[in-house]
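Step one of this worksheet: look at the structure below.
What follows draws every value from the coordinates through simple rules; no lab data is involved. In this text, all values refer to a predicted model and were calculated from it rather than measured experimentally. When we count neighbours, we look across all protein chains shown, and the Cβ atoms used for this are built from the backbone with ideal geometry, even at glycine.
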Amino acid sequence: VSGTCFAELGNEVLCVDIDEKKIQGLKNGEIPIYEPGLTELVLRNQREGRLHFTTDIKEAVDFAEVIFSAVGTPPDKDHKADLSAVKAVARSFGQNVSKYTVFVNKSTVPVGTSEQISEIIKAELISRGKSEDEARKLYDVVDNPEFLREGAAVKDFLNPDRIVVGAPSEPARESMRQLYRPLVRNGNPLIFTDVPSAEIIKYASNAFLATKISFINEVAEFCENAGGNVREVARGVGLDGRIGPRFLHAGIGYGGSCFPKDVKAFIQTGAENGYKFKILEAVEEVNYLQKSRLFSKITDYYGTDLSGKTFAVWGLAFKPRTDDMREAPSLTMIPLLREAGAKVQAFDPVAMPNAREILGEDGITYHQTALEALDGADSVLIFTEWDEFRGVDLDEVKKRLKEPLIFDGRNIHNLDDLEKSGFTYIDIGRKL
């Protein structure tokens with residue numbers, strides 16, 4: 001997304017990866033991720049000669065004035081960010097750089113990583129015969145965290161809330177200022193900070209949003225006990241300008257490539273720096289428990305033995321408008337259903353190929369439409385808030401299910417509407 005959008009802004013961009021199959025696919029116009037609007041931009045910028053792809057690292061380093069390192073930082077066995085790919089990119093850069101180049105870390109990394117990257121690059125240059133002074137004149141390491149939401153990444157890049165740049169020198173700041181000038185001209189704020197602050201901003205942002213989600217999920221459970229309606233509570237709370245309504249939607253927890261790993265990694269980074277993130281530990285615990293909350297409601301209704309039961313599952317990705325299955329609640333819920341003896345009839349608009357690869361087909365069937373997945377099922381479970389599930393024909397749903405029963409893990413329907421249509425409707429944060 002970043003490479004394509006920089007090309008869209010008029011820059012000449014060369015994207016490099018060690019995966020030859022992926023690069024060949026991109027050269028052929030095959031996009032390896034589902035992201036609305038991305039395919040059109042890739043094809044246009046390739047056609048107009050601004051966007052190129054290669055596996056040749058030396059070619060990429062020689063080509064560039066600014067290099068973005070955008071590799072993954074998945075959690076390791078201790079929930080720390082795995083920096084092996086980040087360090088490998090830094091080594092490759094140090095082995096090939098021969099002119100002043102700004103090395104920009106785009107990956108989400110713990111505070112202090114940019115300093116490690118700088119030392120790795122310097123060591124590679126010294127091993128090539130450069131003096132320490134000569135080495136330091138050939139690069140600057142910048143941290144420029146990304147804030148792109150899956151499913152809205154192109155829009156977020158071209159219309160960002162803010163652009164954060166941690167830069168150690170004026171030449172590096174000027175390079176980044178020129179690169180982002182078209183977006184700044186459109187009124188998007190560019191914020192320069194020291195490098196450690198930029199690294200922390202990314203983690204703190206994701207951790208705060210995750211905190212809002214876990215907070216409203218705790219309020220939802222309290223509402224069920226006390227008799228309140230969490231949707232009304234969230235609306236009343238969110239109208240406070242100091243709080244805002246976003247991320248105050250009760251459900252079955254957050255997932256995806258960012259929040260789970262970043263909260264865990266921030267907790268670990270805190271421990272390494274002598275600080276215990278007590279709030280974030282609670283956020284993580286609430287989210288872990290939240291992913292199985294709907295299962296508890298199912299067993300409260302049917303009993304713990306679900307043998308002979310078949311459930312339609314709507315939504316497999318962790319959120320709508322993506323095929324990303326990482327940390328998706330469906331990956332917790334479906335195994336629980338299977339272990340209890342139930343069968344699953346699943347549908348997701350885009351994530352079924354990934355789901356089939358991860359979950360397999362033992363007791364799980366995958367269907368071409370949401371309505372087809374309902375046929376003969378005892379009830380339907382909603383795990384992802386795709387828009388097509390909101391406007392579904394309720395009469396048709398009722399005809400296809402054995403019982404007019406919906407377990408809604410995302411609270412996408414109106415309780416009164418469902419009751420008027422003759423459904424039993426069980427969601428999150430309203431008393432049964």
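Let me have the relative contact order for the stretch 1-71, percent, based on Cα pairs under 8 Å that are six or more residues apart. Can you show the working numbers first?
Details: 72 pairs, mean separation 28.9, N = 71.
Result for the stretch 1-71 is 41 percent.
I want to check the label-to-label distance for residue 288 and residue 134. Put each point 7 Å from Cα in the C-beta direction and report it in nm to one decimal.
Roughly 5.3 nm, to one decimal.
Just to confirm a number: summing +1 for Lys and Arg and -1 for Asp and Glu over residues other than residue 290 whose beta-carbon lies under 10 angstrom from that of residue 290, what do you get? Write out the running numbers ahead of the final one.
Values: positive: 291, 293; negative: 218, 221, 285.
Surrounding charge for residue 290 is -1.
For residue 68, what residues show an amide H to amide H distance below 5 Å, using hydrogens built from the backbone and excluding near sequence neighbours?
104
For the stretch 202-274 and the stretch 135-171, what is the separation of their Cα centres, given in Å?
One Cα centre to the other: 26 Å.
Averaging over all projection directions, find the projected area of the Cα convex hull of the stretch 197-294 and quote it in nm² with one decimal place. Spell out each step's value before the answer.
On the way: hull surface 27.9 nm².
Projected over every direction and averaged, the Cα hull of the stretch 197-294 covers 7.0 nm².
Given the DSSP H assignment, sum -39500 (n - 2.57) over each helix run of at least 4 residues in the chain and divide by its residue total; what's the result at 222 nm in deg cm²/dmol, nearest 500? Spell out each step's value before the answer.
On the way: 21 runs with 204 residues, N = 432.
Computed mean residue ellipticity for the chain: -13500 deg cm²/dmol.
Please state the charge dipole magnitude for the chain, taken about the Cα centre, from unit charges on C-beta atoms (+1 on K and R, -1 on D and E), reported in debye and rounded to the nearest 20. Walk me through the numbers on the way to the answer.
On the way: 54 positive and 67 negative charges, 111 e Å.
For the chain, the charge dipole is close to 540 debye.
Residue farthest toward the positive end of the dipole of the chain, with Cβ of Lys/Arg at +1 and Asp/Glu at -1: which of 330, 55, 241?
Going by the charge dipole, the pick is 241.
Rank 229, 117, 347 by how far each Cα sits towards the positive end of the charge dipole of the chain (+1 on Lys, Arg Cβ; -1 on Asp, Glu Cβ) and give me just the farthest.
Working it through, the farthest residue towards the positive pole turns out to be 117.
Whole-Hz Karplus ³J(HN,Hα) for the stretch 385-392, in order, using 6.51 cos²θ - 1.76 cosθ + 1.60 and θ = phi - 60°, x for Gly and Pro?
8, 5, 4, 5, 7, 6, x, 5
Hey, could you get me the Stokes-Einstein D for the stretch 165-220, Kirkwood radius over alpha-carbon pairs, 20 °C and 1.002 mPa s, rounded to whole µm² s⁻¹? Before the final figure, lay out the partial values.
Details: Rh = 13.4 Å.
Rounded, D is 160 µm²/s.
List every residue whose amide H lies under 5 Å from the amide H of residue 164, counting only residues 5 or more places away in sequence or on a different chain, with H placed 1.01 Å from N in the peptide plane.
Excluding prolines and chain starts, which carry no amide H, the hits are 191.
Provide the per-residue ³J(HN,Hα) series for the stretch 344-355, in order, calculated from phi with Karplus coefficients 6.51, -1.76, 1.60 and θ = phi - 60°, each as a whole number of Hz, with x at glycine and proline positions.
Coupling constants for the stretch 344-355: 10, 10, 9, 8, 8, x, 9, 8, 5, x, 5, 5 Hz.
Can you give me the C-alpha center-to-center distance between the stretch 290-333 and the stretch 45-111, rounded to a whole angstrom?
About 37 Å separates the Cα centre of the stretch 290-333 from the one of the stretch 45-111.
Fully extended, how many nm does the chain gain between residue 40 and residue 115 (0.36 nm per residue separation, minus their Cα-Cα distance)? Kindly include the intermediate steps, with their values, before the conclusion.
Working: separation 75, 0.36 × 75 = 27.00 nm, distance 3.74 nm.
So the extension gain works out to 23.3 nm.
Taking every pair of distinct Cα atoms and averaging 1/r, then inverting, what Kirkwood hydrodynamic radius in Å comes out for the chain? Spell out each step's value before the answer.
Details: mean 1/r = 0.0421 Å⁻¹.
Across the chain, the inverse of the average 1/r is 23.8 Å.
First obtain the Kirkwood hydrodynamic radius of the stretch 18-107 from its Cα pairs, then insert it into the Stokes-Einstein equation at 4 °C and 1.567 mPa s, and state the resulting D in µm² per second as a whole number. It would help to have the intermediate numbers written out before the result.
Details: Rh = 14.9 Å.
Result for D is 87 µm²/s.
Work out, in µm²/s and without decimals, the Stokes-Einstein translational diffusion coefficient of the stretch 1-66 at 20 °C, 1.002 mPa s, Rh from Kirkwood over C-alpha pairs. Could you put the intermediate results ahead of the total?
Details: Rh = 12.0 Å.
The calculation lands on 179 µm²/s.
Suppose we look only past 16 Å in the calculated P(r) of the stretch 82-188. What percent of the Cα-Cα pairs does that tail hold? Provide the component values of the computation, followed by the final result.
Details: 3484 of 5671 pairs.
Above the 16 Å cut-off, the stretch 82-188 has 61 percent of its Cα pairs.
Looking at the chain, send over the antiparallel percent of its DSSP beta bridges, to the nearest 5.
Details: 3 of 38 bridges.
Of all bridge pairs located within the chain, approximately 10 percent are antiparallel.
So for the stretch 306-351, averaging the separation of alpha carbon pairs under 8 Å that are six or more residues apart and normalising by length, what relative contact order in percent results?
Values: 74 pairs, mean separation 24.6, N = 46.
Taking the mean separation of contacting Cα pairs over the length of the stretch 306-351, I get 54 percent.
For the stretch 85-196, give me the percentage of DSSP beta bridges that are antiparallel, rounded to the nearest 5 percent. Walk me through the intermediate numbers first.
On the way: 1 of 10 bridges.
For the stretch 85-196, the DSSP antiparallel bridge percentage is about 10.
With θ set to phi - 60° and the Karplus curve 6.51 cos²θ - 1.76 cosθ + 1.60, what are the ³J(HN,Hα) couplings of the stretch 422-430 in order, to the nearest whole Hz, using x for Gly and Pro?
x, 8, 8, 10, 10, 10, 10, x, 9
Against the longest principal axis of the chain, how steep is helix 330-339, in degrees 0 to 90 to the nearest 10, with axes from Cα atoms?
Between the helix axis and the principal axis of the chain, the angle is about 40 degrees.
Once amide H atoms are placed 1.01 Å from N in the peptide plane, what residues at a sequence separation of 5 or more from residue 377, or on another chain, have their amide H within under 5 Å of its amide H?
Those qualifying (amide H under 5 Å, at least 5 residues apart or on another chain) are 402.
Run the numbers on the stretch 53-195 and let me know its relative contact order in percent, using alpha-carbon pairs under 8 Å that are six or more apart. Kindly include the intermediate steps, with their values, before the conclusion.
Numbers: 203 pairs, mean separation 28.8, N = 143.
It comes to 20 percent, rounded to a whole number.
Which angle from 0 to 90°, rounded to the nearest 10, does the C-alpha axis of helix 259-272 make with the longest principal axis of the chain?
On a 0 to 90 degree scale, this one is about 60.
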